[in-house]
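Trainee: The structure's right below; bear with me while I get my questions together.
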Amino acid sequence: MFISVLDLFKIGVGPSSSHTMGPMVAARDFRKRVKTFYSSHTDTIDARIRCTLRGSLAFTGKGHATDRAILLGIHGYTPQGLADQNVNDLVEQLLERDAIEFSGQKSALFNPSGDIIFDRGDPLPEHPNGIILELLNQSDKPLLAETYFSIGGGFITTLSEIDQLVAPLKMEVTNSCSYPFDSANAMMQMSADSGLSIAAMKRSNEIERISETELDQGLDAIWHAMHKCIENGLKAEGRLPGGLNIARRAKTLYHQLQNNPKETNLNDWLCAYAMAVNEENAAGHMVVTAPTNGAAGVIPAVIYYAVQHEGATLKQVRDFLLVAGAIGGLIKHNSSISGAEVGCQGEVGSASAMAAAGLCAIKGGTTEQIENAAEIALEHHLGMTCDPVGSLVQVPCIERNGFGAIKAVTAASLAFRGDGQHFMSLDNCIAAMKQTGLEMSVKFKETSLGGLAVSITEC
């Protein structure tokens, strides 16, 4: 099994990897297909594009800016390309247009208010995050159509491809890399047989596809974006968009800690850093999927603390990301990182496990201790629901990232003080998360139909 660390960690914009970044990528892909279709068809007068959102995307798409993402993608924008732009201003400009322009004087009509449909009927059977994009003629008959699924972490697949996925990744053949571990047990065995660390095996797999220089540049870009996101969030103030009137707290908390460092503890700093990221995410600003936007604050907070407070080096940051990427790949392969599939255990729980493993690794932990750290962190997120209030990635999501970071550091410390031997394996814990997600009510899987999302009493 191989999934690149540079694919798992993506630089993009908030507030959601599955509800914002994935749909944007899908819309941009459909734009390319329309352009190709136009190149060989001339009977496209007054053709228009329609987008139908199904499942979780229909229920929480408004709060997660899915309609904005479709608008941006259909106009050719990418999440990565928007990282340094004022997205709000751009959206306002695009909303004034009623057509999508293509080369060769061709266009397609597109009015987001009428052509983006939030269908709250039954979800598509293949996946809870469905996107149906169509090019229609004047009689509303499809000239071109494609069904996409946003499968978590900014990844997408099409209807024709989804049967090729394994929970849910299009897998490469097992001999596609030197260390093709597809389970934690296989990872530990390969480490023992080769004498290599998890970071070294992951690096070896990566540089079979790209140069070592490209890998390090990619890892450094990821860390730079995480670092910048934290510092942006620690400076920002005001209230978050969406209607809940939630005030940003990271800046105030950070200043309190700076002004009275003797009265601070590890938990305070981790919460400040994690909340800074997720406040930026909630505002629709630049973040890194780690492994999702909803859980984007956990890993950066732990790395930032290690760098700022414990003197972690750039090499250690790279190793941290490689190990975290290895663990995240295992979870995505054997379960899911999507809140719409398995609840928040798959988002913050996965991020916490990845962070725990990365931190344990740079502290000098053995392969067995690293696996134990990941298992401890994931185990103590099992059953966590995804029930965002107001369909916004704010309550409880922002604070939840702080607690995910705290659990990650606790898990890494506990594992590092042990000998690596423990009762519950990471593989079994991942399997338990998957089964828990399968049995979890759809009300608690990013639909805002249960839990905290319906527990607000208005006076």
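Read-outs throughout are calculated quantities, based only on the coordinates presented, and are distinct from any laboratory measurement. The model shown is predicted, which means the values in this text are computed figures rather than measured ones. Here Cβ is always computed from backbone atoms with ideal geometry, including for glycine, and neighbour counts include all displayed protein chains.
Trainee: Step through the table entries K62/K235; K10/K332; K235/K445; K32/K434; K228/K443; K332/K407, compare each Cα-Cα distance with 24 Å, and write down the pairs that go over it.
Mentor: K62/K235; K235/K445; K32/K434; K228/K443
Trainee: When only Cα pairs under 8 Å and 6 or more residues apart are kept, what is the percent relative contact order across the chain?
Mentor: 19 percent
Trainee: Can you give the relative contact order of the range 1-129 as a percent, counting alpha carbon pairs under 8 Å and 6+ residues apart?
Mentor: Rounded, it is 38 percent for the range 1-129.
Trainee: So what J values fall out for the range 210-227 if you push phi through Karplus, 6.51 cos²θ - 1.76 cosθ + 1.60 with θ = phi - 60°, rounded to Hz, Gly and Pro as x?
Mentor: Karplus values, whole Hz, x for Gly and Pro: 9, 6, 5, 5, 5, 4, 5, 5, x, 5, 5, 5, 4, 5, 4, 5, 4, 4.
Trainee: Along Cα→Cβ, 7 Å out, is where each label goes; now give me the distance between the ones at Q435 and L452 in nm to one decimal.
Mentor: That separation, rounded to one decimal, is 2.8 nm.
Trainee: Subtract the Cα-Cα distance of T213 and A236 from 0.36 nm times their separation in residues, and report this length gain in nm to one decimal.
Mentor: Additional length available on full extension: 4.9 nm.
Trainee: In deg cm²/dmol, rounded to 500, what helix-only [θ] at 222 nm does the chain give when every DSSP H run of at least 4 residues adds -39500 (n - 2.57) and the total is split over its residues?
Mentor: Mean residue ellipticity at 222 nm (helix-derived): -15000 deg cm²/dmol.
Trainee: Taking amide H atoms as placed 1.01 Å from N in the peptide plane, list the residues 5 or more away in sequence, or in a different chain, whose amide H sits under 5 Å from that of D119.
Mentor: The answer is L53.
Trainee: Write down Rg/Rh for the range 18-166, rounded to two decimals, with Rg from the C-alpha atoms and Rh from the Kirkwood relation over Cα pairs.
Mentor: Value, to two decimals: 0.95.
Trainee: Calculated FRET efficiency, L159 and Q189, Cβ-Cβ r, R0 35 Å, to nearest 0.05?
Mentor: Efficiency for this residue pair is about 0.40.
Trainee: Report the extension gain between N137 and L382 in nm, rounded to one decimal, defined as 0.36 nm multiplied by the number of residues separating them, less their alpha carbon distance.
Mentor: Extra length from N137 to L382 when fully extended: 83.4 nm.
Trainee: Net charge within 12 Å of G451 by Cβ-Cβ distance, Lys/Arg positive one each and Asp/Glu negative one each, not counting G451 itself?
Mentor: 0
Trainee: Could you check what % of the DSSP bridge pairs in the chain are antiparallel, to the nearest 5?
Mentor: Restricted to the chain, the bridges split so that about 85 percent are antiparallel.
Trainee: So for the pair M424, D122, with labels modelled 7 Å out along Cα→Cβ, what separation do we get in nm?
Mentor: The two pseudo-label positions are separated by 3.5 nm.
Trainee: Quick one: work out Rg over Rh on the C-alpha atoms of the range 178-265, Rh as Kirkwood radius.
Mentor: 1.22
Trainee: Just how far, in whole angstrom, is the range 415-458 from the range 203-240 if you go by their alpha carbon centroids?
Mentor: 27 Å
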